[in-house]
1. For helix 144-154, report the angle its Cα long axis makes with the longest principal axis of the Cα atoms of the chain; keep it between 0 and 90° and round to the nearest 10°.
2. Using 7 Å Cα-to-Cβ label points, what is the Arg265/Leu251 separation (nm, one decimal)?
3. Hey, of (1) 1.00; (2) 1.05; (3) 1.48, which did the structure itself give for Cα Rg over 2.2 N^0.38 Å when calculated?
4. Using the Cβ atoms and a cut-off under 11 Å, what net charge is assigned to the surroundings of Glu91, where Lys and Arg are +1 and Asp and Glu are -1?
5. By average Cβ neighbour count within 10 Å, what is the ranking of 112-118, 122-128 from highest down?
6. State, in angstrom, two size descriptors of segment 75-216 derived from its alpha carbons: Rg to one decimal place and Dmax to the nearest whole number.
7. Peptides 83-91, 137-145: what's the order by average Cβ count within 10 Å, highest mean first?
8. Could you list the residues of segment 233-250 with an amide nitrogen less than 13 Å from a label point located 7 Å from the Cα of Phe127 in the Cα-to-C-beta direction?
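Values in this text are rule-based calculations from the coordinates and carry no lab data. Keep in mind that this is a model prediction, so the values were computed, not measured. Heads up, the Cβs are rebuilt from the backbone with ideal geometry, glycines too, and the neighbour counts pull from every protein chain shown.
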Amino acid sequence: MKENDASGTEALLRAREDFCVGACGRFLTRDSSKGHIWTLRGEEGKPSALILHSKSMLIPVLCGVNEIPKPRFLGGFLRKIKIHSVQGIKEEAIILENAIEQMGKKPREIIDYDLMSIDRSPNMDGFASGPSTLTLRVPKLTDLNEIAPLQAAYEQEEVLAKSSVFSPAASRVNIANIIMREHILAAELGGRLVGKINISAVSFTRYQVGGVYVHPDFRRLGIARRMASEFVGSLVAQGMGVTLFVKKTNLAAHRLYTGLGFSAREDYRISYY
């Protein structure tokens, strides 16, 4: 993508924003000196599809394109770069997976999700969930030693592929950056932090929520429901929509988000290499 294509690329992403908040966020924070966005031009010469490369992740936004054209550089590019994952709407991720497979690379693990969204305040009963002594607050860096284990457990349970190696140091840096730069809320019970929820991406008019985790000893008490209700409610109050994706196998999370008023929008997929 050349910078004079940025407005056309932004228009394409805005039209698909509900389904690609992460891609929109990476577009907004792009480094224009690095060629990490590739666009396909339509008949009118405007971008009609794109692929983003960010931190070893490839994100397709294909907008109905059923096959990725293969310019001469693509084969060499896919062989040279480090690909950790492909993620996006399932049917688009599969198209990119197939193109990568023709270059001799197959995913080690594939996880399917439901992409869910909400554009109004969550159902009110969620705001009364959890123990009566539960408090919610914005954590500070002084809470790092207490909240880092929650982030580490979340990453190992919900994020890392089976073939990946967990890095405690990287996880600690990740949650420290989230505390300093992003929206985050922590649940405190009996003077102990027992849960967390945060923003994982910001697009033009939507937030993507992630990092939802409650310590196993404090589950089934309504803590996640209370955290999600208040956190999502505060984001919607800003006039923003909220998106998240949840593993199809995580039935408890499905019940939680559906109960709050989220609706499933699309099949989502992450393929790990």
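1. Here the helix axis deviates by roughly 60 degrees.
2. Reported label-point gap for Arg265 and Leu251 is 2.7 nm.
3. (2)
4. Numbers: positive: Lys90, Arg269; negative: Glu92, Glu97, Glu266, Asp267.
Every neighbour counted, the sum reads -2.
5. On the way: 112-118: 20.7, 122-128: 15.3.
In descending order of packing, they fall as 112-118, 122-128.
6. Here Rg and the maximum Cα pair distance are 18.4, 59 Å.
7. Numbers: 83-91: 20.6, 137-145: 12.4.
Ranked by mean Cβ neighbours within 10 Å, highest first: 83-91, 137-145.
8. Under 13 Å, as judged by backbone N against the label point of Phe127, lie 233-237 of segment 233-250.
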